[in-house]
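Each remark here refers to the structure printed beneath this line.
The values are calculated or read from the model by the stated rules, or taken from the named source; none is laboratory data. In this text, all values refer to a predicted model and were calculated from it rather than measured experimentally. Here the Cβ positions follow ideal geometry from the backbone for every residue, glycine too, while neighbour counts run over all protein chains shown. The accessibility values were calculated without ligands, DNA or RNA, using every heavy atom of the protein model including side chains. Shrake-Rupley method; radii C 1.70, N 1.55, O 1.52, S 1.80 Å.
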Amino acid sequence: MDIVERAIAVAPNGVGNGACEGFLAAPVRGSGAGVLVLAGSSGRIDDERCRILARAGLTALSIRWFGGQGQPPGICEVPLETFESATELLRSRGARRIGVLGASKGAEAALHLSVLDPGIDAVVALSPTSLTWANVGPGRDSRTRPYRSSWTWRGEALPFVPYDDSWTPTGANS
């Protein structure tokens, strides 16, 4: 299937030139289904996965959700509304049904979105966790401690499990 692709900028309201950079791939004839692709803690934009999904008939968007301009440098108190803006961009491109595909830490975000955003129709979680973990890296204040939630929703931190800094491995491989 022939596809079109381009780099994009997602504004806080989901359209136009904004705070999130990303990559969009879609079938030339468009699609009524869109997928937001969220990489894990690497923070990369997953353009190749978007191409694969577009060749399968879906409009696919991957965005940088931390580490970019105006964003937390680490996965620390990342507003889940960032992803709402991205799904609005998919809707503005003709997607009537929206899925989220997340890997690892992106799967954690995808699962949260499936509960908090009623506009999410499907979730694919690759290597998800059953918990909301503490931050990975620094927040906007450049500090990694004290531990904080990885995610916020409507300005409130989501409950999380902090890491145990006193833990050390035991056994033959330690």
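Side notes on the structure shown:
- Odd one out for S114 among (1) free of Cβ contacts under 8 Å to residues at least 24 places away in the same chain; (2) under 19 Å from P162 (Cβ atoms); (3) small (G, A, S): (2)
- Lone unmet requirement of (1) more than 16 Å from R64 (Cα to Cα); (2) touching a His at 6+ places or on another chain (Cβ under 7 Å) for L80: (1)
- Among (1) in a helix (DSSP H, G or I); (2) open to solvent by 40 Å² or more (accessible area, probe 1.4 Å) - the single one P73 does not satisfy: (1)
- Of all residue pairs spaced 6 or more apart or on separate chains, those with beta-carbon atoms under 7 Å, a first member in the stretch 41-56 that is more than 14 Å from L24 (Cα to Cα) and a second member that is open to solvent by less than 30 Å² (accessible area, probe 1.4 Å) and part of a loop (DSSP other than H, G, I, E, B) are G43/F66.
- Test: residue in the stretch 132-145 that is open to solvent by less than 40 Å² (accessible area, probe 1.4 Å), touching a residue at least 12 places away in the same chain (Cβ under 8 Å), part of a loop (DSSP other than H, G, I, E, B) and β-branched (V, I, T): yes
- Hits in the stretch 85-97 - residues which are open to solvent by 40 Å² or more (accessible area, probe 1.4 Å) and either assigned to a helix (DSSP H, G or I) or over 16 Å from S114 (Cβ atoms) (or both): E88, R91, S92, R93, R96
- Extreme residue, surrounded by the fewest Cβ atoms within 10 Å (Cβ to Cβ), among residues of the stretch 98-131 that are aliphatic (A, V, I, L, M) and in a helix (DSSP H, G or I): V115
- Within the stretch 4-28, restricting attention to residues that are open to solvent by 40 Å² or more (accessible area, probe 1.4 Å) and in a strand (DSSP E or B), the residue that is modelled with the lowest pLDDT is E21.
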